[in-house]
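Note sheet for the following structure.
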Amino acid sequence: MRKTALLLAVAASLLSTAVPAAEEVVSSFTSAVNDKLGKGSIKGVITRQVTSAKYGNKVDLNLKIERTDRKGKVLWTVRDFVRDCTDDVDVELEMLAPISITDIDDNGLNEIWMPYKMACRGDVSPAVMKIIMYEGTKKHAMRGTTRIPTGDGETEGGEHTADSALENADPMILHHAEHLWKKLESEF
């Protein structure tokens with residue numbers, strides 16, 4: 001009984017020392033879109049939240065991008081995050097380029113390209129990199145790592161794979177994804 005009371009007291013003490021902070025907007029963006037799905041908008045936001053705890057601060061970064069129609073109905077949402085990273089290391093979640101809108105296959109549905117990287121790293125290592133693309137309401141993705149210099153004239157990272165939706169898309173769309181990846185993968 002005494003051990004249980006002690007454990008409860010310790011747990012209550014730890015819970016009372018965690019102080020959540022307000023969510024801070026790191027960046028936001030909006031873009032108009034018009035295709036077979038109709039007029040609408042793309043809205044994105046990256047937020048940061050720091051939580052003070054007994055053993056240091058924890059940092060959360062959150063990405064949310066939505067396409068809405070002209071009436072405000074959400075057609076799709078991209079969400080990603082870096083969670084519980086300590087504030088004594090590099091914490092990143094950032095867009096690598098502005099969202100771009102294409103219609104490479106000329107089918108009347110825009111391709112919405114969203115390239116970003118994210119990391120929680122205390123060393124020199126590649127970050128996670130993603131290019132998420134929506135054509136209409138169908139999601140396509142290329143995922144891998146950024147490329148960094150190793151110091152001996154070589155590089156590390158840059159590996160990437162396309163998901164099955166992107167692999168099976170129009171070859172020009174896959175080519176564009178590969179070109180975009182090569183353009184954005186380097187951290188030097």
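The values are calculated or read from the model by the stated rules, or taken from the named source; none is laboratory data. Please read all numbers here as calculations on a predicted model, not as lab measurements. As a convention, Cβ positions derive from the backbone with ideal geometry for all residues, glycine included, and neighbour counts pool all protein chains shown.
For first residues located in segment 82-107 and modelled with pLDDT under 95, partners that are outside any strand (DSSP E or B) and lie 6+ apart or on another chain with Cβ distances below 7 Å form the pairs Val89/Gly122. Please list, ordered by first then second residue, the pairs with beta carbon atoms under 7 Å, 6 or more apart or interchain, first in segment 141-156 and over 25 Å from Thr77 (Cβ atoms), second among the acidic types (Asp, Glu) and at pLDDT below 95. Partner pairs satisfying both residue conditions: Arg147/Glu187; Ile148/Glu187. Count of segment 69-92 residues, restricted to those that are within 20 Å of Ile131 (Cα to Cα) and either touching a Ser or Thr at 6+ places or on another chain (Cβ under 9 Å) or among the β-branched types (Val, Ile, Thr) (or both), is 6. Residues in segment 117-138 that are farther than 19 Å from Asn62 by Cα and part of a strand (DSSP E or B): Tyr134, Glu135, Lys138. When every residue of segment 12-34 is checked against the conditions, at least one turns out to be of a type in the set (Val, Ile, Thr) and modelled with pLDDT under 90. Please find, within segment 23-69, the residue that is surrounded by the most Cβ atoms within 10 Å (Cβ to Cβ) out of those that are outside any strand (DSSP E or B), of a type outside the set (Asp, Glu) and touching a residue at least 12 places away in the same chain (Cβ under 8 Å). Selected residue: Leu37.
When segment 33-61 is filtered for residues that are touching an Asp or Glu at 6+ places or on another chain (Cβ under 8 Å), polar (S, T, N, Q) and more than 12 Å from Asp87 (Cα to Cα), only Thr47 remains.
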